[in-house]
Structures are given as C-alpha cells and as structure tokens.
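Peer 1: Next up is a structure, given as structure tokens.
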Amino acid sequence: MKRTLLILLTLVIALSVFPVQPTAAQGNTYTVQPGDNLYRIALKFGATVAAIQQANSLKTTTIYVGQVLVIPGGRSSPSPAASSNTAANPSTYTVQRGDTLYGIARKFGTTIAAIQKANGLTTTMIHVGQKLAIPNGVSGSGGTANTVPPASTTAPASGGSPGVNHLGTEKVVLADYVMWYDSSTFDGTKTWDVPSAGAYNSDDFGTIQRHVAQAQQACLNGFAAHWYGPTESRTTNNFNSLLNASAGTGLRHAIVIQTNILPGATEQMIIDAINHVINNWAGSPNYMRLGGKPLLIFTDMPRPWGNDSAALAGWTRIRAATDPNHNMIWMAEGLYPTFNPLFDGLYAYRIDHRDYPQSWLKQKRWADGLRAVSKSLYFADTIAAGFDDTRSVNAPGDLRSSAPHFARDRRGGGYFADTFAATANTGGDFLFVKSFNEWIEGTEIEPGASYGDLYLNLTCQYANTYRGR
C-alpha cells in the first residue's frame, strides 16, 4: 500500500511540474493573427466555421488578433495531399476528377499564376490525368495566397497583351454583391438554396471578411456592390466595412448606384449619391479604377423618369452636375446604346428571361451596336451561374422592375459554362458575374448547402481565362 501511494504521489508531482497543455503544435488551439478570419482558419486546419464557433461559444464570426481559439478536430498543419503520387514526388501532381487550379494551388501552398508559368498554361483549364509541375510546392499546404493575379502575371493571349482590353485598360472580373440581408432571408422559403455557412446578416463584419476570402478563392478582382445611397445607412456602413475588410488584399470594389429605384427618388438624390462616392470612396486603394478612372455602375436607366427620352435628359443633367469631364467611367445597363456616349459603356444585367431564353447569345449583337456608336466605349460581358426567383413572387419591399418570374436548372455548372462560352465572341472589355450573393434571384456563386464551393472554383477558372484573352 505504501509503495502504491508513493507512485501516485510521484505522478502528481510530475504532472504539477510538467502540466499537459493543448498547443498549436497539437492542433488544439490557434492564436489569431492579423488578417485572419474564421473562414481562412477553418480552411487552414481542415475544420468548419460552424465547428469553430461551437467549440469557442462564438455567437458571430467576429474574432480579434491575439484571441486563442480551440480548433475542434483540428491539426497544426493541413492534411497531406490526397494523391499518393505527390508523396513520392512532391514536385508533380496528377489531376484528379473535380480538381481546379485554385484547389491544387491551395493544396501545395503555391499560386495559380506560378503553376501556369511552370506548365506553359495560357488558361486555367486542366483535365483529369494531366501531370502538372508544382513550383516551390509544399505537399498539403493550405496557405491562403492571394489568387487574384494582376494583369502583368496573366499568361499572354494570342496576338495581344495579357489582361488588357481594347481601350488599353485592365481586364477585370467583378461579381454583384448584395449588402442588405437579414438572417430571416435564409429561412428556406425565399431562396432555392441557403448558404453553406448558415444564415447571416450583411452587417456582420465576420461575414464580410468571409466574403472577401471567398472573392479571392473565386479569383475576382472585386465586387460590384449594390448601394441605395447615403440616405440609406445600412448599405453605406456595409460598403465602408467591405473596404476595411479588403485592405491589403488587392481586391477593388465598384459601387452600383440604386438610388434611382427608391420610392420618391429625385435627380438631386442621385446627384448626392454620386458625389458621396466621389468624395468618400473613389480615392480608396480598394475602389475599382480602370485607367486611373473610378468605375461607377448604374441600373434601371428609365427610373425614376418613366421613359427613355425623359431619362436621357435627366441623366444628362446629372452628369453635368457631377462629372462633366468624364473623370469617372459610368456604365449604363441596357441592350441598346440609348444612353451612350453620355455613359462610357454598356452592360446587360439580365441575360436570361422567361420569354426569351438564352438571351446571353445576343451579347455580341449588343456589343456591336455599342461600337457602332463609338469604338471608345466599354462593353462589359455578363455571365450567370443560374437563375431562380420563383420564391420572391409578391415579396414585400421588392424594388425590382416588374418581370416574369422563372427558374433555370444549373445543370451542375452547365448553365454557367454556356453563358461564359458566349463571351468568346464579343471582344468584351471586362466581365460581370451575376452574382456573388444575389440569393433572391438565385444567381449566387457564394457556397451553398447543395453545391459547396463549386461555383467559386468555376468562377476562378473563367476569370483567369477571360483575363488571359
């Protein structure tokens, strides 16, 4: 008995001197670093945002530098590469079904541009069984290197400069971004799918941080952020938060003016909104500029005047009051150059309609019509992952122009591929993706419960291909 007590006493003393503590090396805890968000940390350790929130009793995704997080089932370094051939030869990788260049770059801790250069690839298209050289790859690395390549690193397109449009400015890819959601939006009755990260509020800074990280995964240059104007504080505050969350990422965002669709909108309200952009945001390093000129996007051109003729006169007065020397680039929505050359370019927001399916095939005709007015105008191509607004019939507070509701089968990415294929013949100057998170219209590429991050990865492929033309 005495011997047993002596052994137990020795063990107690040893444990008190050398306590067992969870450490980052054991993969049980992680200390938040500058630039971190829960999405990136979850990717790094092979966990999920929801699991980390539950393990740390977090009610939101907001975290702070120096915070120590428990990583449930986490690891101190990402998992080894799935393919056995990488263990034998970590400098090469054989493409597996479902792979994308983004996923491979993330797996090996390198960049898309580096893999393209090492393999002489002029696009991001790869095929199953293809052997890729992995430059400076570290097997299993889950780093979050910025995958938005500047124009100078994009592989040259045949017969032209890489990433440069016909006006000599940068080819960029922007996705529409909605900033007014409440958690109730995602209760399952208003949208055909729901976010894989769960219901969210657009005001949550952690959510905005996650969206910034996902924009990088999709190889976007930035968002086209829908904004009601300075009198609407919610979207104003959220765009400020978006700029803050994007600091240091290389992402640049443009405002989509929607003041003109508000009930009771006046020309002075639109003028005030444009001046707010000029005075508060256009000079930010994270605001989108083409050739040094800030980009401004407009929709629903006849509103609030009611017809094209009155609208053209109204927009003429507004431009004279805010930007008479065309120091900004104004993009008008439409199929015909009704508002050009008063506006500096043209794009189509909707490229599919219930009664006019596959309208995206007409984009070359729209581009040619614009260039018949002037070859010094921008044409922006538009692609969409899908469409389904059938659950928004008679939705309260819907400010959209009246149009028949309809749905299109995404076909596992086939619809997205069809819309992108149409851009090969337009000579477009930059690209709009409809959309990052327009869940009410069902065009979102934001990860969803039914399809994961499929559309982020497809967007990355299409964005790099487009910039490389």
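The values are calculated or read from the model by the stated rules, or taken from the named source; none is laboratory data. No experiment lies behind these values; they were computed from the predicted model shown. Note: ideal-geometry Cβ built from the backbone for every residue, glycine included; neighbour counts use all protein chains shown. Note: areas computed on protein heavy atoms with side chains; ligands, DNA, RNA excluded. Shrake-Rupley method; radii C 1.70, N 1.55, O 1.52, S 1.80 Å.
Peer 1: Placing +1 on the Cβ of each Lys and Arg and -1 on the Cβ of each Asp and Glu in the stretch 359-469, which of Phe416, Leu370, Ala403 has its Cα farthest towards the positive end of the resulting dipole?
Peer 2: The one lying farthest along the dipole's positive direction is Leu370.
Peer 1: Is the shape of the stretch 275-365 rounded, prolate or oblate, going by the alpha carbon gyration tensor and its root eigenvalues a ≥ b ≥ c, with a/c under 1.5 for rounded and a/b larger than b/c for prolate?
Peer 2: oblate
Peer 1: Pop out the carbon and sulfur fraction of the accessible area of the stretch 176-228 as a percent, whole number, probe 1.4 Å.
Peer 2: Within the stretch 176-228, the accessible surface is 51 percent carbon and sulfur.
Peer 1: Take every DSSP beta bridge whose two residues both sit in the stretch 206-349, then give the antiparallel share in percent to the nearest 5.
Peer 2: If I count the DSSP bridges inside the stretch 206-349, around 10 percent turn out antiparallel.
Peer 1: Determine the gain in length on full extension of the stretch Thr249-Glu232; use 0.36 nm per residue of separation and subtract their C-alpha separation, reporting nm with one decimal.
Peer 2: 3.4 nm is the gain from fully extending Thr249 to Glu232.
Peer 1: Okay, moving on. Apply 1/(1 + (r/R0)^6) to the Cβ-Cβ distance of Val373 and Val70, taking R0 = 51 Å, and write down the FRET efficiency to the nearest 0.05.
Peer 2: Working from the Cβ atoms, E equals 0.25.
Peer 1: Only four residue types carry charge here, +1 at the Cβ of Lys and Arg and -1 at the Cβ of Asp and Glu. Report the dipole size of the stretch 271-330 about the Cα centre in Debye, rounded to the nearest 20.
Peer 2: 140 debye
Peer 1: Could you work out how far apart the two model spin labels at His127 and Ser309 are, taking each label as a point 7 Å from the Cα in the direction of the beta carbon, and quote it in nm?
Peer 2: 5.8 nm
Peer 1: Specify whether the C-alpha gyration tensor of the stretch 159-240 places it in the rounded, prolate or oblate class, a ≥ b ≥ c being the square roots of the eigenvalues: rounded for a/c under 1.5, otherwise prolate if a/b is larger than b/c and oblate if not.
Peer 2: Judged from the Cα gyration tensor, the stretch 159-240 comes out prolate (a/c at least 1.5, a/b above b/c).
Peer 1: I would also like to ask the following. Going by a ≥ b ≥ c, the root eigenvalues of the Cα gyration tensor, does the stretch 189-340 fall in the rounded group (a/c under 1.5), the prolate group (a/b larger than b/c) or the oblate group?
Peer 2: prolate
Peer 1: Let me ask you something else. Points 7 angstrom from Cα along the Cβ direction at Lys117 and Ala417: gap in nanometres?
Peer 2: 3.1 nm
Peer 1: Explain nothing, just the number: dipole magnitude of the stretch 264-419 about its Cα centre with +1 on each Lys and Arg Cβ and -1 on each Asp and Glu Cβ, in debye rounded to the nearest 20.
Peer 2: With Lys and Arg at +1 and Asp and Glu at -1, about 320 debye.
Peer 1: Further question: Can you tell me, using C-alpha contacts under 8 Å and at least 6 residues apart, the relative contact order of the stretch 374-469 as a whole percent?
Peer 2: The value is 35 percent.
Peer 1: What number comes out for accessible area per residue over the stretch 361-469 if the probe is 1.4 Å? Units Å², please.
Peer 2: Value returned for the stretch 361-469: 35 Å² of accessible area per residue.
Peer 1: I've got another one for you. Measure off, as a whole percent, the carbon and sulfur share of the 1.4 Å-probe accessible area of the stretch 282-373, all protein chains present.
Peer 2: C and S atoms contribute 54 percent here.
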